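The values are calculated or read from the model by the stated rules, or taken from the named source; none is laboratory data. Given the structure is predicted, the values throughout are model-derived calculations rather than measurements. Quick reminder, even Gly has a Cβ in these numbers, built from the backbone with ideal geometry, and neighbours come from all protein chains shown.
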Amino acid sequence: MDYSQFSNPYLIGVIMAFMLGPVFFMLLKTSVLKGFRAALVFDLGVILCDITFMLLAYYGSRPLLEQLQHDPRLVFVGGLLILIYGLYSFFDPNNKKELNEEEIRISRSKKYYKMFLSGFFINFLNIGVLATWLGIMIVVGPALNMNPNSIFWFFTKIIIGYLATDLVKIFLAKQFQEKMTPLIVYKMKKGMGILLILFGILILLKPLLINLWESYT
């Protein structure tokens, strides 16, 4: 792995915006069910979390960050919380109530701080995101001579590419609002719950999968 693979920060941002994970699907769901503004606020929470991880990757020592990255307790807690959130989403009693509505109700809640915090913490619980930023910093940092100004603008461009791609995703997802029916929304929420459950289980099993992989290589 060398710097040439990370020479286009905007492209890195676009690729990271399409990384399949809890945030990807929650962003689409939020856009469809709560509207453009709520999805944008949710995404800003995600980006703040990414910036936090970038700062950790820059200022933290590599051994410490690698230890945190593979700490089974952190992985377990993160996976467990995502699993619990997925179970709650799947068994939420309000889903069936909405199924009996004649048309879907798009939430226009002004409590955007909840969406912001939701985006931040869902991203924060996925320890793999920290590992990704750490990996990029390890490669890009030395190539830029650890120059703070160069590193700042490099990662700023990544965020710009990330946010621009997410805005397109939010806009496209919002176009499906008019086609939504209570049954489709019900299935969508159930499906989201299942995806979050699967992501939680996968994160919980990550240490075991890593050990199995290492034992066979």
List the pairs whose first member sits in the range 34-53 and is at positive phi, whose second member is outside any helix (DSSP H, G or I) and of a type outside the set (A, V, I, L, M, F, W, C), and whose Cβ atoms are under 7 Å apart, counting only residues at least 6 apart or on separate chains? G35/R108
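Being of a type outside the set (V, I, T), modelled with pLDDT under 70 and either over 30 Å from Y58 (Cα atoms) or not in a helix (DSSP H, G or I) (or both), is that true of even one residue in the range 187-203?
The first filter runs over the range 187-203 and keeps only residues of a type outside the set (V, I, T), leaving 187-193, 195-196, 198-200, 202.
This time we only want the ones that are modelled with pLDDT under 70, so: none.
Checked against the condition, which is being of a type outside the set (V, I, T), modelled with pLDDT under 70 and either over 30 Å from Y58 (Cα atoms) or not in a helix (DSSP H, G or I) (or both), the range 187-203 yields no hits at all.
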Among the residues of the range 5-60, count how many are more than 14 Å from T156 (Cα to Cα) and among the acidic types (D, E). 1
Somewhere in the range 50-63, is a residue assigned to a loop (DSSP other than H, G, I, E, B) and modelled with pLDDT under 75? yes
Would you confirm whether or not the range 140-151 contains a residue that is at pLDDT 80 or above, on the phi < 0 side of the Ramachandran plot and touching a Gly at 6+ places or on another chain (Cβ under 8 Å)? yes
Suppose we keep only residues that are modelled with pLDDT of 80 or more and hydrophobic (A, V, I, L, M, F, W, C) within the range 93-124. Which one would you say is nearest to the chain's Cα centre (by Cα)? I122
